[in-house]
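Written below as structure tokens is the structure these notes are about.
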Amino acid sequence: MQTLLKNGLVVDGSGADGYRGDVRIVDDRLAEIGPDLPVADADEVLDVDGLVVAPGFIDIHTHYDAQITWDRDLTPSSWYGITTVVLGNCGFGIAPTRPKGREVIARTLENVEGMSYEALSAGIDWSFETFPEYLDALESGGSRLNIAAFVGHTPVRTYVMGEDASSRAATDAEIARMRTIVREAIDAGAIGFSSSREIGHWGAWGRPVPSRVATADEVMALASELTCAGRGIFGIVGGPDFWANDLPAVAARIARPVTFGAVLTGRGSGDKREDERRGKAMALLDQSFYVGSNVYPQITCRPIVHRVVLRDPVCFYKLQSFAHLLELPAEERESMYDDAAWRNEVIAEMNEKRWGESTWKNFSVAESVNHKDLVGIPLSVVAVQQGKHPFEVMVAVARGDYFQTRFEQKAANDDEVELAQLLNDDRTILGLSDAGAHASQLCDACFPTYLLSHWVRDLNVLSLEKAVWRMTGQPAAAYGFSDRGRLEPGLAADVVAFDATTVAHLPLDRVVDLPGGGDRLVARSVGVEHVWVNGRIIRRNGADILTNRARSAGRVIRDAAG
């Protein structure tokens with residue numbers, strides 16, 4: 001099959017200036033790129049005049065590990081010109097998992113990644129146990145997009161240690177077994193090993209996620225399997241022994257690239273003003289990187305905004321007082337809010353951590369049945385009007401909606417002055433979309449359309465060419481996707497054609513389409529006209545193609561990061 005795209009603005013993913021030209025696709029490869037290519041022998045000629053033709057976008061930070069087993073279309077990512085997604089971030093995933101460990105893994109994802117336990121229970125096709133079997137299952141099931149996957153520390157530790165994984169250090173024999181499993185995963189095609197040291201990552205029944213309990217020596221022992229294999233990238237969420245300033249030495253020690261998340265703007269404690277917080281993100285970047293350090297600090301181009309219910313209050317997970325609530329399954333948590341002594345404990349901790357007006361102004365009611373008059377008003381304002389603490393306002397509103405109220409929290413990354421600096425700093429890499437996670441709370445999978453509309457077209461902070469490089473050539477080089485990320489003859493034909501004047505995403509929409517009747521937030525796209533994955537067209541004229549051929553266009557990438 002030969003397809004010729006005529007008269008597009010070719011932006012090739014290298015960062016070089018775009019030019020008017022044509023792109024020829026033969027079967028699954030890019031065959032020829034340049035001006036005025038001959039039409040002869042083409043099975044299809046598509047006039048893309050007025051559109052940008054670019055490599056397919058790459059999302060390096062998703063949590064589709066479970067969703068891919070029931071959603072081969074990988075929505076909503078497939079709506080935005082994304083052609084490759086990376087699973088297994090932050091040390092999480094669903095393989096390896098023994099049958100008796102499935103509930104622990106699902107409950108872990110429920111707490112730490114905001115996934116619906118009901119959806120996980122009803123939707124995951126457990127046709128595998130080991131990580132190699134998991135990759136084989138993904139390959140045989142087919143997918144619309146290309147898939148690459150980390151092997152995660154938490155499932156590996158759980159597989160070896162069972163329930164002890166969240167409570168104690170591993171023995172030498174257990175670490176040796178974990179190393180064998182990581183190496184088997186790398187040999188089978190995992191693109192790397194990932195872990196988390198984040199103190200706010202709580203797993204099943206309110207316990208620390210297993211990777212947090214591991215010693216630093218264990219983490220390094222498992223990461224060193226990448227050194228032994230001579231391939232792979234180490235992904236880490238920072239925490240004790242693995243802060244940003246530790247990572248250049250970690251990368252040097254394992255002689256492999258390291259990526260970490262995340263460098264965010266607007267972060268600070270208590271009532272610090274925006275101008276006092278500004279500069280902290282750039283300082284963190286400076287700590288984590290020096291020339292030749294082989295470290296890739298992840299950023300995101302969108303403000304992080306959660307819509308949460310009090311059954312799953314991710315906004316409060318770093319508060320120690322909430323550890324008691326997390327011990328309960330989500331469906332049993334409402335009763336905690338009736339405990340006045342516990343509420344007072346929460347408020348005391350919030351006061352100790354200086355949760356004042358500048359914190360609570362970032363909370364508001366987003367979706368409510370019985371309190372529509374409060375939608376969009378900062379809780380700091382409502383609290384003053386009612387003479388209550390903002391947390392008591394939240395609880396009262398939630399009770400009035402039978403705990404179905406969605407509260408919006410502007411959590412971080414809302415300082416656009418400093419974020420513009422990060423986006424223009426080539427030491428950073430775009431990540432942290434969290435696609436597949438927190439599905440009922442946010443939808444940041446749409447970062448490509450946001451980058452192109454907000455930062456390129458509206459604010460002119462980035463050039464079109466640099467924005468495309470950010471989503472194609474740069475992540476492909478960092479992750480070792482040697483045959484993707486650029487428009488170059490001989491490479492895989494992952495291609496997107498979009499209208500730079502209209503590309504955007506529509507407002508968030510809550511849909512009920514998860515297994516078990518779960519809901520999620522999605523945002524449709526406009527301006528993403530045509531998409532090819534390995535030479536197969538999966539989107540035409542702004543609409544998905546729903547044939548089996550399109551829905552199996554993707555491949556499991558097993559030879560990356562060499």
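Structure notes:
- Filter result for ARG212 (buried (at least 23 other Cβ atoms within 10 Å of the Cβ), in the same structural domain as VAL151 (by TED's automatic domain parsing) and more than 27 Å from LEU138 (Cβ to Cβ)): yes
- For region 314-341, a tally of residues being touching a helix residue (DSSP H, G or I) at 6+ places or on another chain (Cβ under 7 Å), under 24 Å from LEU120 (Cβ atoms) and among the small types (Gly, Ala, Ser) returns 2.
- Inter-residue pairs, beta-carbon under 8 Å, first without any contact (Cβ under 8 Å) to a residue 12 or more places away in the chain and in region 189-202, second of a type in the set (Asp, Glu) and surrounded by fewer than 23 Cβ atoms within 10 Å (Cβ to Cβ), 6+ apart: none
- Summed over region 505-522, residues that are surrounded by 20 or more Cβ atoms within 10 Å (Cβ to Cβ) and either among the small types (Gly, Ala, Ser) or part of a loop (DSSP other than H, G, I, E, B) (or both) total 1.
- Qualifying positions in region 460-479 - hydrophobic (A, V, I, L, M, F, W, C) and either touching a residue at least 40 places away in the same chain (Cβ under 8 Å) or in contact with a His (Cβ under 7 Å, 6 or more places away or on another chain) (or both): VAL461, LEU464, VAL468, TRP469, MET471, ALA476, ALA478
- Scanning region 114-160 for residues being out of contact with any strand residue (DSSP E or B) (no Cβ under 8 Å at 6 or more places or on another chain), β-branched (Val, Ile, Thr) and buried (at least 21 other Cβ atoms within 10 Å of the Cβ) gives a total of 4.
- Helices (runs of 4 or more DSSP H) wholly inside region 279-370 that include at least 3 residues being in the same structural domain as LEU451 (by TED's automatic domain parsing) and either under 23 Å from the mean Cα position of the chain (by Cα) or under 30 Å from TYR479 (Cβ atoms) (or both): 280-288
- Among the residues listed as ALA553, ALA500, the single one being among the small types (Gly, Ala, Ser), closer than 28 Å to ARG457 by Cβ and either touching a residue at least 40 places away in the same chain (Cβ under 8 Å) or not in a strand (DSSP E or B) (or both): ALA500
- When PRO248 is tested against the conditions (1) on the phi < 0 side of the Ramachandran plot; (2) in contact with a Lys or Arg (Cβ under 8 Å, 6 or more places away or on another chain), the lone failure is (2).
- Flag for PRO132 being closer than 17 Å to ASP187 by Cβ and either part of a loop (DSSP other than H, G, I, E, B) or among the polar types (S, T, N, Q) (or both): no
- All positions within region 33-77 that are surrounded by fewer than 19 Cβ atoms within 10 Å (Cβ to Cβ), farther than 21 Å from GLY490 by Cα and more than 28 Å from the chain's Cα centre (by Cα): ASP47, ASP49, GLY50
- Meets criteria (at pLDDT below 95, aliphatic (A, V, I, L, M) and either under 30 Å from PRO297 (Cβ atoms) or out of contact with any Gly (no Cβ under 7 Å at 6 or more places or on another chain) (or both)) for ALA383: no
Residue-by-condition table, conditions (1) free of Cβ contacts under 8 Å to residues at least 60 places away in the same chain; (2) touching a Ser or Thr at 6+ places or on another chain (Cβ under 8 Å):
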| position | (1), (2) |
| --- | --- |
| VAL382 | yes, no |
| GLN386 | yes, no |
| ASP401 | yes, yes |
| LYS410 | no, no |
| ASP414 | no, yes |
| ASP425 | no, no |
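- Filter pass, ALA543 being crowded, with 21+ Cβ neighbours inside 10 Å and either more than 21 Å from the chain's Cα centre (by Cα) or assigned by TED's automatic domain parsing to the domain that holds ARG406 (or both): no
- Scanning region 15-48 for residues that are of a type in the set (Asp, Glu) and closer than 29 Å to THR75 by Cβ gives ASP27, ASP28, ASP43, GLU44, ASP47.
- Checked against (1) hydrophobic (A, V, I, L, M, F, W, C); (2) part of a loop (DSSP other than H, G, I, E, B); (3) in the same structural domain as GLY387 (by TED's automatic domain parsing), LEU264 passes all but a single condition, namely (3).
- Among the conditions (1) touching a Ser or Thr at 6+ places or on another chain (Cβ under 6 Å); (2) at pLDDT 90 or above, the only one that HIS306 does not satisfy is (1).
The values are calculated or read from the model by the stated rules, or taken from the named source; none is laboratory data. If you're wondering where the values come from, they're calculated on a predicted model, not measured in any experiment. Using ideal geometry, Cβ is built from the backbone for each residue, glycine included, and neighbour counts are taken over all protein chains shown.
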